[in-house]
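The values are calculated or read from the model by the stated rules, or taken from the named source; none is laboratory data. Given the structure is predicted, the values throughout are model-derived calculations rather than measurements. Every residue, glycine among them, receives a Cβ derived from its backbone with ideal geometry; neighbour counts consider all protein chains shown. The area values use the complete protein model at the heavy-atom level, side chains included, leaving out ligands, DNA and RNA. Shrake-Rupley method; radii C 1.70, N 1.55, O 1.52, S 1.80 Å.
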Amino acid sequence: MKWIKTRCKAILNRTSLWVQLTLFMILVTTLVAGYLVYKDYTSTRTLTINNQINTTQTILKLEVENLDKYLSELANFCIQPYYDSHFTRIVEQDTPLSSEQISYARQQMYYYYYTRNDIRDYELYLLHQDLSIGRSGREQHFTAKESPPEGVAEALEECEQSPLNRSIKASDAGNLIYYHSLFQIKGKVRQAVVRLELDDSYTKPLLENHADQGEIILFLNDSGEILFSNHPEFFQGITDFTTLLSQKEQHPDGYCTLELAQESFLCVETNGPSSGIRLVSLTPLSYIDSQIGQLRSSIIVSGIWVWMLTVVMIYMLLRLLTIPLKMLAAQMQRTGEGDFRTQIDAEGSLEIRRLSDSFNSMVAHIDQLIRRTYVAELSEKDARLAALEAQLNPHFLYNTLQAISTEALVNDQPQIHKMITALASNLRYTIKGDTLVPLRREMSYVNDYIFLQKIRMDDSLEFYSDIDPDTQDCLIPKISIQTLVENSIIHGKSSDVEIIRIEVSTRYQDGVVTITVQDNGCGIAEEQLKKLYADFDMQKNTGKYGGIGLANLHNRIRLLYDEPASLEIDSKEADHTRITLFLPAMKGDTYV
């Protein structure tokens, strides 16, 4: 593995950047184009299948509703004997019928038979008499037979289990046979069974509607038996189609397929809302694929053209970008050999232009530094003397302020003495190089600062402090509270505010020191407050409304603490400004 990695690095080091980028972009473009073509094709195929499913479901729903209505009409036809009181007594009679009664029944059934034109055979089997009246087969007349019709025993059993008192079968000729039991309402005693063999006047148009596209349509009864189909050869030997339907495969896109005769079919089924009759449609997926075959070819050709155009554009773009870089690399090589006078003028994009200008500026600056090196060596002694003098200046200033303070006491000027002492203390605190100081020292510095400001502002400044004793020894950034107080004095004062009130409060809770500085000044506009937060995020100094002080303090606390520390501003224009610092509590070099 290590050898392969080393070999790849060696090959890359000998290959131009534009070649690497071109190959990489071509690979990415190929993958993206291939994915888009595949995605487009699969989406189109799924959409076509969903449209096929929706169309088929709509058709099947209408057909099964018509079928329910048709079967309901057959049920009403079968119970017509009960509309005739004399016929009803014949059906309910449990003693042998007279010839007149049989003749009457035959005559009435003859009339009933010719009220419909879709019935081939019509028989009424009387259970009490074990007598069958009607016509069957090729008989032209209605007869009475002392034997039940074929299959009536099984049909009667199914009628008893059916809530609609019926059974639907298929004849050897492929027609529907409809059985309906008649019973006495009181006690629900079965008295007769009506058997109807129907012609193809209903089923033929139904099958013709699904003759195209290689679609297979099946008509199943309540028990899952296939009553008829436009392709019965597929289902020879299958008695319960429900078992076969349980083997259908559910696809992630939401449709179901069924394997039949080594071919996949799109399966759509609908149940009758009242009859329980089921219509099943099986459409070959090969037919759907043939429909979108031409579109698939068009998608692939379009994808190839887009890929080729993209590759050409990538090649031209990368050459345009890498030629200036090649020029810059050559110039850098000459600079490395000691030529600091030549300049490069590379163009092609804003970044390359800036890179070229930066390189030229760097080379010119290096040349200037080399020339100034000799002057710097000659001035080194003078710089050391100036540094020593800078160290002595603060002591001279402190001594001078101390002398003025003493002179003020001698001349009975205690106020001036206090002012000079406070100023010297602040100057010493400011110059001393500590980064973090105890909060009590910071507040001492703030009190001296407020003392000097009150003298300058007379009675227009009021200051209050509420310091939690638990925070006195906590370390905070130096000149942090003074920065917030100064911000309130400078930016809170306005013509509408006669007296500016400033309050400093500190709290300690759960290892966090909270420092709040609030004033009753003119506040900060909402837009400016948003801009100030944005500048905080970019670590910029706005120079306005808190300006350099707040931005500097915000950046300092982010750099000083490993744990989260923040500065929050709450301000309402013409009302108040409240600035809060949240700092990890530290004493000495350890966290509290």
Exercise. Looking at this structure, is THR115 open to solvent by 40 Å² or more (accessible area, probe 1.4 Å) and either farther than 13 Å from VAL193 by Cβ or basic (Lys, Arg) (or both)?
Worked result: yes
Problem set entry | Check on GLU263, more than 30 Å from TYR178 (Cβ to Cβ), free of Cβ contacts under 8 Å to residues at least 40 places away in the same chain and more than 33 Å from the chain's Cα centre (by Cα) | yes
Exercise. Hey, among VAL446, VAL517, VAL504, VAL497, which residue is in a loop (DSSP other than H, G, I, E, B) and among the aliphatic types (A, V, I, L, M)?
Worked result: VAL497
For this session: Only residues that are farther than 17 Å from GLN191 by Cβ and not in a loop (DSSP other than H, G, I, E, B): list them for the stretch 113-125, please.
Result: TYR113, ILE119, ARG120, ASP121, TYR122
Problem set entry | ASP253 being more than 22 Å from SER43 (Cβ to Cβ) and open to solvent by 70 Å² or more (accessible area, probe 1.4 Å) | no
Exercise. Is it true that ILE481 is buried (at least 17 other Cβ atoms within 10 Å of the Cβ), on the phi < 0 side of the Ramachandran plot and within 52 Å of the chain's Cα centre (by Cα)?
Worked result: yes
For this session: May I ask you to verify whether ASN54 is part of a helix (DSSP H, G or I) and over 29 Å from ILE119 (Cα atoms)?
Result: yes
For this session: From ASP473, ASP459, grab the single residue that is over 13 Å from ILE515 (Cα atoms), out of contact with any Ser or Thr (no Cβ under 9 Å at 6 or more places or on another chain), at pLDDT 85 or above and surrounded by fewer than 17 Cβ atoms within 10 Å (Cβ to Cβ).
Result: ASP473
For this session: For the stretch 179-234, enumerate the residues that are in contact (Cβ under 8 Å) with a residue 60 or more places away in the chain, outside any strand (DSSP E or B) and open to solvent by less than 10 Å² (accessible area, probe 1.4 Å).
Result: HIS210
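Considering only residues that are of a type in the set (Ser, Thr, Tyr) and buried (at least 16 other Cβ atoms within 10 Å of the Cβ), which ones fall in the stretch 421-443?
In the first step, residues of the stretch 421-443 are kept if they are of a type in the set (Ser, Thr, Tyr); the result is 421, 425, 429-430, 435.
Selection gives THR421, SER425, TYR429.
Look through LEU244, LEU260, LEU295, LEU285 and report the one residue that is out of contact with any Lys or Arg (no Cβ under 6 Å at 6 or more places or on another chain) and at pLDDT 80 or above. Steps first, answer last, please.
Working: LEU244 fails: at pLDDT 80 or above; LEU260 fails: at pLDDT 80 or above; LEU295 fails: at pLDDT 80 or above.
After applying the criteria, what remains is LEU285.
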Problem set entry | Given (1) among the hydroxyl-bearing types (Ser, Thr, Tyr); (2) over 30 Å from LEU218 (Cβ atoms); (3) touching a strand residue (DSSP E or B) at 6+ places or on another chain (Cβ under 8 Å), index of the condition TYR111 fails | (3)
Seminar exercise, completed: Among residues of the stretch 494-505 being within 20 Å of ASN447 (Cβ to Cβ) and open to solvent by 20 Å² or more (accessible area, probe 1.4 Å), the residue modelled with the lowest pLDDT is ILE499
Seminar exercise, completed: Those residues of the stretch 134-165 that are under 60 Å from the mean Cα position of the chain (by Cα) and open to solvent by 50 Å² or more (accessible area, probe 1.4 Å) come to a total of 6
For this session: Go through ARG7, ARG45 for me and flag whichever is modelled with pLDDT under 80, assigned to a helix (DSSP H, G or I), among the basic types (Lys, Arg) and within 30 Å of SER297 (Cβ to Cβ).
Result: ARG45
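If a residue must be part of a loop (DSSP other than H, G, I, E, B) and open to solvent by 60 Å² or more (accessible area, probe 1.4 Å), how many such residues does the stretch 560-577 contain?
Taking the stretch 560-577 and keeping what is part of a loop (DSSP other than H, G, I, E, B), we get 561-565, 573-575.
Then drop every residue that is not open to solvent by 60 Å² or more (accessible area, probe 1.4 Å), which leaves 562-564, 573-575.
The total comes to 6.
Within the bounds of the stretch 271-284, is there any residue that is under 24 Å from HIS251 (Cα atoms) and open to solvent by 20 Å² or more (accessible area, probe 1.4 Å)?
Our first condition is that a residue be under 24 Å from HIS251 (Cα atoms); within the stretch 271-284, this holds for 271, 278-284.
So of that shortlist, the ones also open to solvent by 20 Å² or more (accessible area, probe 1.4 Å) come out as 271, 278.
Yes; the residues of the stretch 271-284 include at least one that is under 24 Å from HIS251 (Cα atoms) and open to solvent by 20 Å² or more (accessible area, probe 1.4 Å).
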Seminar exercise, completed: Checked ASN51, ASN76 against criteria (open to solvent by 30 Å² or more (accessible area, probe 1.4 Å), under 25 Å from GLY272 (Cα atoms) and modelled with pLDDT under 90); the one match is ASN51
Seminar exercise, completed: Flagged pairs (Cβ under 6 angstrom, 6 or more apart or on separate chains; first in the stretch 151-168, in contact (Cβ under 8 Å) with a residue 12 or more places away in the chain; second surrounded by 20 or more Cβ atoms within 10 Å (Cβ to Cβ) and part of a loop (DSSP other than H, G, I, E, B)) are CYS159/ASN165; ILE168/ASN221
For this session: For GLU160, state whether it is acidic (Asp, Glu), over 24 Å from THR270 (Cβ atoms) and part of a strand (DSSP E or B).
Result: no
Seminar exercise, completed: Picked from the stretch 506-529 (must be farther than 16 Å from PRO469 by Cβ and among the charged types (D, E, K, R)), the residue surrounded by the most Cβ atoms within 10 Å (Cβ to Cβ) is ASP519
